[in-house]
């Protein structure tokens, strides 16, 4: 196993790790708020569930990038590529957008979605507005995912 | 992610905000002519007791001392009640108010056994001092003013310790309104400087020493001092009628509560809900008293406190 491959593996781990931590914290936070609403009015469960799911997507994006890195480096097929340090570093850098933006956007989305739970609590008929506001944060996670995909897919192996 | 530990409690409380009486419902109560009409309005909201509300908030809120500051005034009221009842050989239970942080039995036992160290820190010294004062002078008014001042100081100290900006402002408003009321009464009754020093707490918003000096020069001096301060509005209301000033005192606390209406995290929305419930119960009490005394609708509307929703 070359040093370049190790760097690529670190990149794959960072993508899943940071984005996953962000999503876990975001979903957890909205879950707490959602539980508060459901404890008073269980009929609002389905409405708050959508909001709770929103910060979970960053973790999936991180997982996707990790898979792409592992596939491109041949680790999944059991035939690891002989990567140079420069190539490995390029994979690691490619993982950073979704790792870092995934972490921070999931935390921000968690807060926005928890505020959206407040809308559902007081005015359930305006629940969709809370969803839209939380979904806006998603834009930046998608942009980061796009950049990560473009970088990783364009590294010559 | 500060204050996020309150996410569960805040969401639950927000769900319950819809149970508070709205301005429209209050107007319907004012204009209702029959008891059944009133009953119908009240049935649409959960007009439970303040004690129930506190228990519910405490049930949802994590174990945090910040919210306890809201009940300091009740704790110190209970101390006053216990001291005076014991001194006059009456049952203090009739004078206690709930909810409170400190078990009233603990207060009574502390006074009976003179073991004031059994009381929480924020009350200990004040209780011992007030006991000594009332047994030495038999002056209930003097010990009351000492306890009232101690309550305000405890609120300020507790708020500073909690680091909550909301509680700091709450303590500040409570102190300012109480100090103005005390200064007004003292100026009106020509109370000596020593009494005022014992009763006026002072805060960063309204200097106690300057207020005492103003009150010492009589009502006119007090009003001219307040007019030149940032409290010219309550000063004008106090000149008009103490009832209007009382309404202003309640309304600024509600305005403070309103600042947390859009907050998703932190203890502020919980405190605001308690304050909202307090205002709701006060409004219902005013309504009931006014209805009994046959007060006209315009006057009742004028007396209604600001509402949270």
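The values are calculated or read from the model by the stated rules, or taken from the named source; none is laboratory data. Because the structure is predicted, anything quoted here is derived from the model rather than measured. So basically every Cβ, Gly included, is an ideal-geometry build from the backbone, and we count neighbours across all protein chains shown.
Things to note:
- Odd one out for residue A:55 among (1) within 22 Å of the chain's Cα centre (by Cα); (2) under 18 Å from residue A:128 (Cα atoms); (3) at pLDDT below 95: (3)
- Residue match in the stretch B:101-122 (condition: closer than 28 Å to residue B:210 by Cβ, in contact (Cβ under 8 Å) with a residue 24 or more places away in the chain and buried (at least 18 other Cβ atoms within 10 Å of the Cβ)): yes
- Members of the stretch B:12-41 found to be touching a residue at least 60 places away in the same chain (Cβ under 8 Å) and in a helix (DSSP H, G or I), listed by number: B:13, B:14, B:16, B:17, B:18, B:23, B:26, B:27, B:29, B:30, B:31
- Condition check for residue B:7: within 11 Å of another protein chain (Cβ to nearest Cβ), outside any loop (DSSP other than H, G, I, E, B) and farther than 30 Å from residue B:110 by Cα: yes
- Any hit, the stretch A:45-68, residues being over 22 Å from residue A:146 (Cβ atoms), within 11 Å of chain B (Cβ to nearest Cβ), touching a helix residue (DSSP H, G or I) at 6+ places or on another chain (Cβ under 9 Å) and crowded, with 23+ Cβ neighbours inside 10 Å: yes
- The single residue among A:63, A:53 that is within 24 Å of residue A:139 (Cα to Cα) and without any contact (Cβ under 8 Å) to a residue 40 or more places away in the chain turns out to be A:53.
- Failed item, numbered, when residue A:108 is tested on (1) modelled with pLDDT of 95 or more; (2) over 22 Å from the mean Cα position of the chain (by Cα); (3) within 14 Å of another protein chain (Cβ to nearest Cβ): (2)
- Which listed residue is at pLDDT 90 or above, over 25 Å from residue B:292 (Cβ atoms), assigned to a helix (DSSP H, G or I) and over 24 Å from the mean Cα position of the chain (by Cα), from B:112, B:74: B:112
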